[in-house]
Amino acid sequence: MRIEPLGDSALLVRVVEEFHPEKSLDAVLRATRQLEAAAIPGVIELASAYSTVAVFYDPARIISFEEFKTQIEYALHTSLEPARPRAGAVPAIEVPVCYENEFAPDLGDVAQHAGLSEDEVVRRHSSARYRVNCVGFTPGFPYLTGLPAELATPRRATPRTEIPAGSVAIGGAQTGIYPSKSPGGWNVIGRTPLRLFDVKQEPPAMFQAGDRITLRQISREEFDSLRQ
Amino acid sequence: MNATVVSAGFLTSVQDLGRTGFRQSGVSTGGALDAHAMRVANALAGNDDNAAGLEATLGKLRLRFEDERIVAWCGGAFTVRIGDENLPPGHAGLIGAGDELVMAAPNEGSRGWLAISGGIDVPLVLGSRATDLRGNFGGHDGRTLRDGDVLPLGKHGDLEIAAPWISEWSAPAPWAVTEYRERFLRIVKGANWDAFTAEAQTSLVTASFTVTADSDRMGARLDGPNLDRNEAGDLLSEAVAPGTLQVPPSGQPILLLGDCQTIGGYPKIAHVITVDISIAAQLWPGDRVRFHEVALAEAQQLFLERENDFARFRVGLDLHRS
């Protein structure tokens, strides 16, 4: 565990040095809960991702960086109440995905890169089990780990200027879902009719770090009927 | 009561001090790119620090008011008029019912923040009235203003002064208009500083960088000497923040601003210190900028001093008004 400054009003806790999809996530989730429970004065909010937790704070409310760092370290060594982690005990969230051609402009490229047929890419992508590693990039965008290794595809050389909301895409070894229309460089292979980000919900993002996710292949007709 | 947007200008949006508490859902702070300028304008207009005002990029903004309001602005070198009267930066001005406020294009700098007594009374979305232009929520219908928009204004205290009236007292000059002539941004080392070559580390603090055209509220892209790393390779994404100076594989750094994404995968060579975000928020394509390294303790001391100065400024304003 290392703590280093992230500018003058945030710091990064490097929870693990070597990233491992399941173990790192559990360690990061645990550190996040420890820091939330400690309610350290001056802390504004947290932002976790992969192997780190960032702590945003008000520099006017700390005595010194070293002193603040000590408080963070103390919190991270404080044992937690036996927790009910969201992941594990909670069933996986099922996300319907339509992989029809009109929603999958890059399915051919992914299939070619993997040396598989398009149908086989869809079968393997929709039958894998995923976990939300973090939410970021755009509001509500879930970074999922668990993509079958053979489906890993490099990001597109030239990012698309507009990717439609709900697009399911592969970027390197990860897969993710675009909650809103945005530019992006990932390979788009399907679309979900679900709304992943809604400011009227609490929390506004449908997914949180640690959630388990399964995908279910749906037809174009079902996509239309599920569309909210 | 309302204000009508007669002319929305180049890019104007409703902003407050931003949104906190939703980074875990991927929502960045956003808000006024120069939050300090926004709160100084709010203090002058008799508002709470976090009241919603307008961020006008390159000016050309015209507003017509239905009732009397106190207005104040800070930021770039704009010319602002209430009717025929000039409203200098960092001063409070009274605008009468039916009068127009005009913010012309700036001579230097790019953005200005206008506060109106009572604040702009758009609904709170995720705890803030700021417009999230990437997520299309908050502010006025989640978008930039258009000609003809009508902005609801909140309630304010009694105004026992006759229009037009411009205050003699003002905000400290460096707060009223950003000192944009000397575009020296102070930085602290970033998490990946050691991953960069000695040449890159030297270039960062000696060379001059030019802001390129593809810059926006998310970040200012800079053109200068290539900042190379000792070893190429992908990093895991981790949190970034306004002020982060990240370097994509091209070697040309990007200075992240208020609307930046919450997490990013490019190496972080440095971070602009919080008090200098005011200068960064004025950068416009073609501007040149240099960096100067300071220690973290100094950056935080400068922040604390500004907080204390602002607290005293608020007390001073209350004395003037009483």
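Starting from the Cα of residue B:208, step 7 Å toward the Cβ, then list every residue of the range B:263-295 with an amide N under 12 Å from that point.
B:287-291
In deg cm²/dmol and to the nearest 500, what is the mean residue ellipticity at 222 nm of chain A if only DSSP H runs of at least 4 residues count, each as -39500 (n - 2.57), divided by the residue total? If you can, show how the numbers build up before the last one.
On the way: 6 runs with 59 residues, N = 228.
After summing the helix terms and dividing by residue count, I get -7500 deg cm²/dmol.
List every residue whose amide H lies under 5 Å from the amide H of residue B:52, counting only residues 5 or more places away in sequence or on a different chain, with H placed 1.01 Å from N in the peptide plane.
B:120
Remind me, relative contact order of the range B:121-215 in percent, using alpha carbon pairs under 8 angstrom and six or more residues apart?
14
Along each principal axis of its Cα atoms, how long is the protein assembly as shown end to end? Whole angstroms, biggest number first, please.
Cα spread of the protein assembly as shown along its principal axes, largest to smallest: 75, 53, 50 Å.
Tell me, rounded to the nearest percent, the portion of alpha carbon pairs in chain B spaced more than 31 Å apart.
When all Cα pairs of chain B are counted, 31 percent exceed 31 Å.
Compute the distance from the alpha-carbon center of the range B:289-322 to that of the range B:38-74, in whole Å.
A separation of 21 Å, based on Cα centres.
Run through every distinct alpha carbon pair of the range B:1-76 and return the Kirkwood hydrodynamic radius in angstroms, one decimal place.
Averaging 1/r across every pair of different Cα atoms and inverting gives 13.4 Å.
How high is the FRET efficiency from residue B:81 to residue A:44, r the C-beta distance, R0 35 Å, rounded to 0.05?
0.35
Would you calculate a helix-derived [θ] at 222 nm for chain B, using -39,500 (n - 2.57) for each DSSP H run of n ≥ 4 and dividing by the full residue count, to the nearest 500?
-5000 deg cm²/dmol
May I ask you to list, by number, the DSSP H helices of chain A whose Cα span along the axis is at least 15 Å and whose average Kyte-Doolittle hydropathy reaches -1.0 or more?
Sorted by number, the helices that extend far enough and score high enough are A:21-38, A:65-76.
Hey, in the GNM for chain A with a 10 angstrom Cα cutoff, which one of A:202, A:45, A:118 fluctuates hardest?
The residue that fluctuates most here is A:202.
Whole Å is fine, so just give me how far the alpha carbon centre of the range B:164-209 lies from that of the range A:161-201.
Each part reduced to its Cα centre gives a spacing of 36 Å.
Just to be sure I follow: if Rg is taken over the C-alpha atoms of the range A:1-139 and Rh is the Kirkwood radius over the same atoms, what is Rg/Rh?
Dividing the radius of gyration by the Kirkwood radius yields 1.11.
Would you list the P(r) distribution for the range B:183-294, with all Cα-Cα distances sorted into 5 Å bins from 0 and each bin expressed as a whole %?
For the range B:183-294, the pair-distance distribution reads 2, 13, 26, 28, 20, 9, 1.
With each pseudo-label sitting 7 Å past Cα toward Cβ, what's the residue B:250-residue A:222 distance in nm, one decimal?
Here the answer is 4.2 nm between the modelled labels.
Relative contact order for the range B:1-148 using alpha-carbon pairs under 8 Å, separation at least 6, rounded to a whole percent?
RCO, the range B:1-148: 32 percent.
I need to check one value: relative contact order of chain A, counting alpha carbon pairs closer than 8 Å and at least 6 residues apart, in percent.
Relative contact order of chain A: 20 percent.
Using 32 Å as the Cα-Cα cut-off, could you pick out the over-long pairs in A:200/B:60; B:60/B:189; A:200/B:155; A:69/A:200; A:200/B:268?
On the way: A:200/B:60 34 Å; B:60/B:189 38 Å; A:200/B:155 26 Å; A:69/A:200 36 Å; A:200/B:268 34 Å.
The pairs that break the limit, which is 32 Å between Cα atoms, are A:200/B:60; B:60/B:189; A:69/A:200; A:200/B:268.
Along the Cα-to-Cβ line of residue B:197, 7 Å from the Cα, sits a label point; which residues in the range B:235-278 have backbone N less than 19 Å from it?
B:246-254, B:267-270, by backbone N distance to the label point.
So what does log10 I(q)/I(0) come out to for the range A:113-228 at q = 0.09 Å⁻¹, using the Debye formula with one equal point on every Cα and no solvent?
-0.23
If you average over every viewing direction, what projected area does the convex hull of the Cα atoms of the range B:282-322 give, in nm²?
On the way: hull surface 18.8 nm².
Approximately 4.7 nm², given one-decimal rounding.
So, in nm, how far is label residue A:19 from label residue A:37 when the simple model puts each one 7 Å beyond its Cα toward the Cβ?
2.7
Using only the Cα atoms of the range B:1-133, each taken as one equal point scatterer with no solvent, compute I(q) by the Debye sum, divide by I(0), and report log10 of the ratio at q = 0.14, 0.17, 0.18, 0.21 Å⁻¹.
The Debye formula, applied to the Cα set alone, gives -0.55, -0.81, -0.91, -1.22.
Does anyone have the angle between helix B:296-321 and the longest principal axis of chain B? Alpha-carbon axes, 0 to 90°, nearest 10?
Roughly 0 degrees between the two axes.
How big is the range B:178-238 in terms of Cα radius of gyration and Dmax, in angstroms?
Cα radius of gyration and Dmax of the range B:178-238 are 13.5, 39 Å respectively.
To the nearest 0.05, how large is the calculated FRET efficiency for residue B:10 and residue A:58 if R₀ is 35 Å and r is the Cβ-Cβ distance? Show your work: numbers first, answer last.
Working: r = 33 Å, r/R0 = 0.95.
Once rounded, the FRET efficiency stands at 0.60.
So what's Rg/Rh here for the range B:88-179, counting alpha carbon atoms and using the Kirkwood radius for Rh?
With Rg and the Kirkwood Rh in hand, the quotient comes to 0.98.
Laboratory data are not the source of any read-out in this text; all were calculated from the coordinates shown. Quick caveat, the model's predicted, so the values are computed rather than measured. Don't worry about glycine lacking a Cβ; one is built from the backbone with ideal geometry, like all the others, and counts go over all protein chains shown.
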